[in-house]
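> I have a structure here, written as structure tokens, and I will follow up with some questions on it.
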Amino acid sequence: MSNTRKRLVMGNWKMHGSLAANATLLDGLVSGAARAGDAELAVCAPFPYLAQARDALAGTQVSWGAQDVSIHAQGAYTGETSAGMLADFGCVWVLCGHSERRALHGETSAQVAAKAASALAAGLTPVVCVGETLADRDADQVECVIGDQLDPVLALGADAVRRLVIAYEPVWAIGTGRTATPEQAQAVHAFIRRALEKRDAGQVRILYGGSVKAGNAASLFAQPDIDGALVGGASLAADEFLNIAAA
Ligand code: PEP
């Protein structure tokens, strides 16, 4: 089957921003979005800023989403945010199982799959993040670890899996300035692609994330199974983010 996958470049603002700083950033994204050419642009903002993102981005070619979602639709879950609430604010995307959530909040792969299911039920597109630690890589366990992270998500069934985006983010490359080589990233993307193909979902987009910058984006995007990027630090400056998208 030919590749119909549209490139997607998504910013993860993490817990950064303020009303004033976001206004400048969003304005820069909207005014420079044409530089992304055919690539799709998106940002994942902290919950309190989703209304600001919606107000600035509605009707533009930049879409927006959130960085986490509850597995529950509603109820006594203080501090949590449901997928329906995110949909109310026009979110298109939600990150599920970012490595910082897995490491700092103990999210399991089963919970990540449940989050993806609750996002799908509300009409959002989950961006399911997977990735190995440096210890996993040194122990030659990359495929085993990624496979275990993917299994509960793939068990949601082909119809669900076809509606996902996957982000491969080696933990050792996130926020460290250390990027996987294009060949290292491609090898894992190809492994993920094969797992998706077995579920009849080979056209799912697989993003790479981990210290992506304008200077390394082109060589990553040249790989056959890398369909775009999930960008943390470099998404906080409109110019750098747009340079990545233009790569
Ligand atoms: C991320 O937060 O998903 C990420 C990839 O961060 P950074 O680009 O800063 O490594």
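The values are calculated or read from the model by the stated rules, or taken from the named source; none is laboratory data. Quick caveat, the model's predicted, so the values are computed rather than measured. A quick note on method: Cβ atoms are made from the backbone with ideal geometry, for glycine too, and the neighbour counts reach across all protein chains shown.
> For residues that are among the aliphatic types (A, V, I, L, M) and surrounded by 22 or more Cβ atoms within 10 Å (Cβ to Cβ), scanning just segment 218-240, find the one that is farthest from Thr4 (Cα to Cα).
Residues of segment 218-240 among the aliphatic types (A, V, I, L, M): 218, 220, 222, 226, 229-231, 234, 236-238.
Subset that is surrounded by 22 or more Cβ atoms within 10 Å (Cβ to Cβ): 220, 226, 229-231.
Working: Leu220: 18, Ile226: 13, Ala229: 17, Leu230: 19, Val231: 22 Å.
The qualifying residue farthest from Thr4 (Cα to Cα) is Val231.
> Out of segment 1-48, which residues are within 19 Å of the chain's Cα centre (by Cα) and among the basic types (Lys, Arg)?
Arg5, Lys6, Arg7, Lys14
> Given the residues Glu169, Glu143, which is the only one that is over 18 Å from the mean Cα position of the chain (by Cα) and not hydrophobic (A, V, I, L, M, F, W, C)? Steps first, answer last, please.
On the way: Glu169 fails: over 18 Å from the mean Cα position of the chain (by Cα).
None of the other options fit; the residue is Glu143.
> If you scan segment 18-51, which residues turn out to be part of a loop (DSSP other than H, G, I, E, B) and without any contact (Cβ under 8 Å) to a residue 40 or more places away in the chain? Before the answer, list the steps.
Pass one, segment 18-51, residues part of a loop (DSSP other than H, G, I, E, B): 18, 37-39, 45-46.
Of everything in segment 18-51, those that are part of a loop (DSSP other than H, G, I, E, B) and without any contact (Cβ under 8 Å) to a residue 40 or more places away in the chain turn out to be Ser18, Asp38, Ala45, Pro46.
> Working only within segment 222-242, note down all residues that are part of a helix (DSSP H, G or I) and within 14 Å of the ligand (Cβ to nearest atom). Step through it out loud before you land on a result.
Residues of segment 222-242 part of a helix (DSSP H, G or I): 233-236, 238-242.
Correct list: Gly233, Ala234, Ser235, Leu236, Glu240, Phe241.
> Let me ask you something else. Would you say Leu120 is surrounded by 22 or more Cβ atoms within 10 Å (Cβ to Cβ), more than 16 Å from the ligand (Cβ to nearest atom), touching a residue at least 24 places away in the same chain (Cβ under 8 Å) and under 18 Å from the mean Cα position of the chain (by Cα)? Before you say what the answer is, go through the steps one by one.
On the way: surrounded by 22 or more Cβ atoms within 10 Å (Cβ to Cβ): no; more than 16 Å from the ligand (Cβ to nearest atom): yes; touching a residue at least 24 places away in the same chain (Cβ under 8 Å): yes; under 18 Å from the mean Cα position of the chain (by Cα): yes.
Criteria not met by Leu120.
> Just need a number here: residues in segment 65-101 that are in contact (Cβ under 8 Å) with a residue 12 or more places away in the chain and over 18 Å from Ala121 (Cα atoms).
Pass one, segment 65-101, residues in contact (Cβ under 8 Å) with a residue 12 or more places away in the chain: 65-73, 81-84, 86-87, 89-101.
After this cut, where a residue has to be over 18 Å from Ala121 (Cα atoms) as well, the list is 98-101.
Residues in segment 65-101 being in contact (Cβ under 8 Å) with a residue 12 or more places away in the chain and over 18 Å from Ala121 (Cα atoms): 4 in total.
> Here's another thing I want to ask about it. Which of (1) among the β-branched types (Val, Ile, Thr); (2) within 16 Å of the ligand (Cβ to nearest atom); (3) over 24 Å from Gly210 (Cα atoms) does Val165 not meet, given it meets every other one?
Single failed check for Val165: (3).
> Follow-up question, since we're still on this one. So if I check each of Ala190, Ala195, Ala160, Ala185, which one is part of a helix (DSSP H, G or I) and either at pLDDT below 95 or under 21 Å from Val94 (Cα atoms) (or both)?
Details: Ala190 fails: either at pLDDT below 95 or under 21 Å from Val94 (Cα atoms) (or both); Ala195 fails: either at pLDDT below 95 or under 21 Å from Val94 (Cα atoms) (or both); Ala185 fails: either at pLDDT below 95 or under 21 Å from Val94 (Cα atoms) (or both).
It is Ala160.
> For segment 96-148, list the helices (runs of 4 or more DSSP H) that sit wholly inside it and hold at least 3 residues that are over 19 Å from Gly232 (Cβ atoms); which are they?
Values: elements: 99-105, 109-121, 134-138.
The helices (runs of 4 or more DSSP H) meeting that bar are 109-121, 134-138.
> To continue, here is another question. Kindly list, by first and then second residue, each pair from a residue in segment 199-221 that is in contact (Cβ under 8 Å) with a residue 60 or more places away in the chain to a residue that is of a type in the set (Asp, Glu) and away from the ligand (no atom under 11 Å from the Cβ), limited to pairs with Cβ atoms under 6 Å and residues at least 6 apart or on different chains.
Note: pairs meeting the criteria are Arg205/Asp227.
> Buried (at least 18 other Cβ atoms within 10 Å of the Cβ) and not β-branched (Val, Ile, Thr): is that true of Ala76 in this structure? Outline the logic, then answer.
Details: buried (at least 18 other Cβ atoms within 10 Å of the Cβ): no; not β-branched (Val, Ile, Thr): yes.
Against the criterion (buried (at least 18 other Cβ atoms within 10 Å of the Cβ) and not β-branched (Val, Ile, Thr)), Ala76 does not qualify.
> Quick one: in segment 27-80, of everything that is touching a His at 6+ places or on another chain (Cβ under 9 Å) and acidic (Asp, Glu), which residue is farthest from Cys129 (Cα to Cα)?
Glu80
> Filter segment 163-179 for residues that are touching a helix residue (DSSP H, G or I) at 6+ places or on another chain (Cβ under 8 Å) and either touching a residue at least 60 places away in the same chain (Cβ under 8 Å) or in a helix (DSSP H, G or I) (or both) and give the result.
Residues of segment 163-179 that are touching a helix residue (DSSP H, G or I) at 6+ places or on another chain (Cβ under 8 Å), as a first pass: 163-164, 166, 168-172, 174-175, 178-179.
Of everything in segment 163-179, those that are touching a helix residue (DSSP H, G or I) at 6+ places or on another chain (Cβ under 8 Å) and either touching a residue at least 60 places away in the same chain (Cβ under 8 Å) or in a helix (DSSP H, G or I) (or both) turn out to be Glu169, Val171, Trp172, Ile174.
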